[in-house]
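Coordinate-derived values only; no laboratory data. Values in this document were obtained by computation on a predicted structure and should not be read as measured data. When we count neighbours, we look across all protein chains shown, and the Cβ atoms used for this are built from the backbone with ideal geometry, even at glycine.
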There are 2 protein chains.
Amino acid sequence: MTYCCGILVRDGLVMIADTRTNAGIDNISTFRKLHIFQQPGNRVMMLSTAGNLSLTQTVVNYITEGMENPDTKEVEKLLDCHSMFSAAELIGRAIRKVRSINGEMLEQENISSSTTMLFGGQMKDRRLRLFMIYSAGNFIEATSDTPFLQIGELKYGKPVLDRAVNFETNLDDALKLSLISMDSTMRSNLSVGLPIDIAVLKRGALELQLDHRIDNVDPYFHDLRDRWSSALRQAHLNIPAPPYGQKKKK
Amino acid sequence: MTYCCGILVRDGLVMIADTRTNAGIDNISTFRKLHIFQQPGNRVMMLSTAGNLSLTQTVVNYITEGMENPDTKEVEKLLDCHSMFSAAELIGRAIRKVRSINGEMLEQENISSSTTMLFGGQMKDRRLRLFMIYSAGNFIEATSDTPFLQIGELKYGKPVLDRAVNFETNLDDALKLSLISMDSTMRSNLSVGLPIDIAVLKRGALELQLDHRIDNVDPYFHDLRDRWSSALRQAHLNIPAPPYGQKKKK
């Protein structure tokens, strides 16, 4: 399975993705799901993917190598798009194309062809944006009201984001919270696993501040997991005992 | 939707269930999903239900009023069962019966007839047990390795239980943790909602220690939610900033 999250705050954008793929529970592999497209000083785009790996990899190939735009008949690549919006449209078309080629036959084998993606970044003189692109190629955009988007196995890691993330959260805290959210997911679903890819883009920087892989010996991530676990334990111990026992009712 | 959880620890059993039902997002009602069957000093049984309300209510009617056992031809009621195991079997048969009557026609209307239930309690001179009963009427039992079971919208509230609950957790803490788990679920899924029913059974007591409904003005639950939220905020603030920014990589 997959868990990816994007957090768009005033200061910038954090993207996080696990790397575990599985074909059945007995066939586990590691594949990068967070793809970076960068021309420093000009544009930074990040795409994280959930769904059948053959489809998502093909989408990445289409948008990297170029795909004909049915309206203009021109071949479009992600790095040539003039806006994040048109880049999101290109990705949507790539998803529709690969599903139209492979979807029906996959469904015959009871393999889902649905895929969702998070696409975020900024181009020169344009806004920093974060989109969630669905299986039909349609998409929504994160706003200051709802500054994070998730794909894949999203529920285990959502409560902590619901409580703690807002548009004013600083970038370090957003990154920390994305790691806590990933940790909660990994603990409850073994099909989401290390290593984790993280990327941080400061608003206006047009160059990644961070592009890093966290593996299973990463000391900071170990420490974060330990601290979070003991804080949670302490937090529930600090809550007074329920008073209900006294007023026993039938 | 529904969220119910049962936690079976050395000291006893905690059951919790929300009460929100919905037929579509625009038709919300309140129905009790935690059903208590008690003969103080003799037996206490608790059943929480998830799935189509007409089916789960019918199951409760079958097991309360009695259902013919196909092997013995005798009419069996839940309160007459001689063990928690045979009671779980009776509930399983009731689920199969109602699904065999209504299932096909519901499926024609694209309404799922699947249902899951948690069934826990103790009979005199017997063990305290907790079962999860599936749509086919089969069931599993909680053990000291896996002391909690959940049905319905379970993912949002699972991480806190995964981290904090074990067989040695005391009853007050188990109840607190079930409330925290419910709170996390309610915050992330509006179709799970107040009031909440809680019940606590001490091992060997053969009478409920607590049978209580928490409504939206319950001061303890409000306080618990506030304390938990601020503890989580504090917990992530106390974690040092990620060190990755320094060793920037392409």
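What is the local net charge at A:D226, summed over the other residues whose Cβ is closer than 13 Å to its Cβ (Lys, Arg +1; Asp, Glu -1)? Working shown, then result.
Values: positive: A:R187, A:R225, A:R227, A:R233, B:R163; negative: A:D183, A:D218, A:D223.
After counting each charged neighbour, the total is +2.
Mean residue ellipticity at 222 nm from the helices of chain A, using -39,500 (n - 2.57) per DSSP H segment of n ≥ 4 over the full residue count, to the nearest 500 deg cm²/dmol? Mind showing how you got there, number by number?
Working: 5 runs with 83 residues, N = 250.
-11000 deg cm²/dmol, from helical runs alone.
Could you grab the relative contact order for segment B:3-238? Cα pairs under 8 Å, six or more apart, rounded to a whole percent.
Values: 469 pairs, mean separation 66.4, N = 236.
28 percent.
Other chains near A:227-234: what is the mean number of their Cβ atoms within 10 Å of each residue's Cβ?
5
Mind listing the long-range amide H neighbours of A:S135? Cut-off is under 5 Å, sequence gap 5 or more, other chains count too, H placed in the peptide plane at 1.01 Å from N.
A:T115
What ranking do A:I63, B:I95 get, fewest neighbouring Cβ atoms within 10 angstrom at the top?
Working: A:I63 25, B:I95 30.
If I rank by nearby Cβ atoms, fewest first, I get A:I63, B:I95.
If each label sits 7 angstrom from Cα along the C-beta direction, how far apart, in nm, is B:R10 from its counterparts in the other copies?
5.1
Sorting B:V14, B:V160, A:V200 on the 10 Å Cβ count, fewest up front, what's the list? Mind dumping the intermediate values first?
On the way: B:V14 31, B:V160 23, A:V200 27.
Fewest to most other Cβ atoms nearby, the residues stand as B:V160, A:V200, B:V14.
Every other copy gets compared here: list the nm distances from the A:L237 label point (7 Å along Cα to Cβ) to its counterparts, shortest first, one decimal.
Spelled out, the distances from A:L237's label point are 2.2 nm.
To make sure I understand, if each residue's beta carbon is the centre and we count other beta carbons within 10 Å, what order do A:V9, B:V44 fall in, fewest to most? Write down the numbers at each step before the final one.
Values: A:V9 22, B:V44 26.
By the 10 Å Cβ count, ascending: A:V9, B:V44.
Which distances in nm, rounded to one decimal and ordered from shortest, link the label point of B:E207 to the equivalent label points in the other identical copies, with labels set 7 Å from Cα toward Cβ?
7.5
Given +1 on the Cβ of Lys and Arg, -1 on the Cβ of Asp and Glu, and no further charges, what dipole in debye does the protein assembly as shown carry about its Cα centre, rounded to the nearest 20?
960
Which chain A residue puts its Cβ closest to the axis that rotates A onto B, and at what distance in whole Å?
Spelled out as residue then distance in Å, it is A:K155, 2.
Residue by residue through segment A:141-154, which ³J(HN,Hα) values in whole Hz follow from phi under the Karplus form 6.51 cos²θ - 1.76 cosθ + 1.60 (θ = phi - 60°), with glycine and proline marked x?
Karplus-based 3J(HN,Hα) across segment A:141-154 equals 10, 5, 10, 5, 5, 10, x, 10, 10, 9, 9, x, 7, 9 Hz.
With 23 Å as the cut-off, how large is the P(r) tail for chain B, expressed as percent of Cα-Cα pairs?
Numbers: 16347 of 31125 pairs.
Looking at chain B, the distances longer than 23 Å represent 53 percent of pairs.
Run the dipole for segment A:3-238 about the Cα centre, Lys and Arg Cβ at +1, Asp and Glu Cβ at -1, nothing else charged, and hand back the magnitude in debye, nearest 20. Spell out each step's value before the answer.
On the way: 26 positive and 29 negative charges, 69 e Å.
I would put it at about 340 debye.
What is the extension gain from A:N27 to A:S83, computed as 0.36 nm multiplied by their sequence separation minus the C-alpha to C-alpha distance, in nm to one decimal? Before the final figure, lay out the partial values.
Working: separation 56, 0.36 × 56 = 20.16 nm, distance 3.89 nm.
Extending this stretch completely gives an extra 16.3 nm.
Which one of B:H236, A:P147, A:I63 has its Cα pushed farthest toward the positive end of the charge dipole of the protein assembly as shown, where Lys and Arg give +1 and Asp and Glu give -1 at the Cβ?
B:H236
Over the Cα atoms of the protein assembly as shown, how large are the radius of gyration and the largest Cα-Cα distance (Dmax), in Å?
25.4, 81
Explain nothing, just compute: Karplus ³J(HN,Hα) = 6.51 cos²θ - 1.76 cosθ + 1.60, θ = phi - 60°, for every residue of segment B:190-195 in order, whole Hz, x for Gly and Pro.
5, 7, 10, x, 5, x
Averaged over its residues, how many other protein chain Cβ atoms are within 10 Å of peptide A:179-186's Cβ atoms? Spell out each step's value before the answer.
Values: counts 3, 5, 1, 0, 2, 6, 2, 0.
Other-chain Cβ atoms within 10 Å of each residue's Cβ, averaged: 2.
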